Amino acid sequence: MFLTALTGFVLLPVYVMLSSSLKPLRDVSGVFRWLPSELTVRPYLDIWRTVPLAHYFVNSLIVAGSATVCSVVIAVFAAYAVSRYRFRGRRVFTVTVLSTQMFPGILFLLPLFLLYVNLGNATGVALYGSRGGLVLTYLTFSLPFSIWMLTGYFASVPRELDEAAYVDGCGALGALLRVVVPAAVPGIVAVGVYAFMTAWGEVLFASVMTNDTTRTLSVGLQGYATQNDVYWNQVMAASLVVSVPVVAGFLLLQRYLVAGLTAGAVK
């Protein structure tokens, strides 16, 4: 009974979004009706013309994809070094990485904004209002968690695999790429999914760090609200459309994600 009620509670917003996206505007501007009086797919066609949704979609893919790739690549090398080697400052580095998760994201908004603007004025490198600047911003959130998570996962990979790779003639880099990374695919996939979802749906920094050219989906959806009206049916349709990549990726990588998040729990 409890699971049934919980399922209904979770699926209720999805039904509201789906039904509203198939209604004409006049039906969603007044009192909400559970059963549409008229079904239409017009909102799914109009969402691409009301705002440049395709352009925002491309921006989000580039930013989220770049942030994911950079986060995974950097985290793999950093986590391997922390899990396999003992070096001066190792504990300080680990504590610093974990401590960054204690602070709310809004705390970094103004410092990053000022840093980007001043760097742009001093060096001519346009970080503010650029995709590259937004990627760097998202790395400040996803990278510490990615390093911490992969460090625990790499620690669960037996060191004997590294030693066997050394015997076969591999160096440290070869052992990492040929032995450890294949054994840690679930953890790497989990980190990638986390980094992508963090960048894909982020609103606060995207609303400040972007302009009309680099605006992402999370901010671009505000374009369906005008001074005279709010196209609620198009808002719901666009929300469903932009959720497709995340939902599809989660379903395809679900088994890797679960294995990666639970790695080390029974070590």
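The values are calculated or read from the model by the stated rules, or taken from the named source; none is laboratory data. This one's a predicted model, so the numbers in the text were calculated from it and none came from an experiment. Note: ideal-geometry Cβ built from the backbone for every residue, glycine included; neighbour counts use all protein chains shown. The accessibility values were calculated without ligands, DNA or RNA, using every heavy atom of the protein model including side chains. Shrake-Rupley method; radii C 1.70, N 1.55, O 1.52, S 1.80 Å.
Among the residues of this structure, Ser71 counts as one that is under 21 Å from the mean Cα position of the chain (by Cα), open to solvent by less than 70 Å² (accessible area, probe 1.4 Å) and under 15 Å from Phe145 (Cβ atoms). Entry remark, the stretch 24-35: residues being loosely packed, with under 15 Cβ neighbours inside 10 Å and in a loop (DSSP other than H, G, I, E, B) number 7 in total.
Out of the residues in the stretch 17-38 meeting the condition of being at pLDDT below 85 and of a type in the set (A, V, I, L, M, F, W, C), tell me which one is farthest from Ser243 (Cα to Cα).
The extreme case among them is Val31.
Checked against (1) within 22 Å of the chain's Cα centre (by Cα); (2) over 30 Å from Ala183 (Cα atoms); (3) surrounded by 15 or more Cβ atoms within 10 Å (Cβ to Cβ), Ser21 meets all criteria but (1). Determine, yes or no, whether Val14 is closer than 29 Å to Ala206 by Cα, in contact with a helix residue (DSSP H, G or I) (Cβ under 9 Å, 6 or more places away or on another chain) and either outside any helix (DSSP H, G or I) or open to solvent by 50 Å² or more (accessible area, probe 1.4 Å) (or both). Yes.
If I filter the stretch 241-248 for residues that are touching a strand residue (DSSP E or B) at 6+ places or on another chain (Cβ under 8 Å), buried (at least 20 other Cβ atoms within 10 Å of the Cβ) and either modelled with pLDDT of 85 or more or charged (D, E, K, R) (or both), do I get at least one hit? No, the stretch 241-248 has no match at all.
With respect to the conditions (1) closer than 18 Å to Thr198 by Cα; (2) surrounded by fewer than 15 Cβ atoms within 10 Å (Cβ to Cβ), Leu112 lacks only one, and its number is (2).
Of the helices (runs of 4 or more DSSP H) lying entirely inside the stretch 46-125, those containing at least 2 residues that are over 20 Å from Asn211 (Cβ atoms) and touching a residue at least 40 places away in the same chain (Cβ under 8 Å) span 53-84, 90-99.
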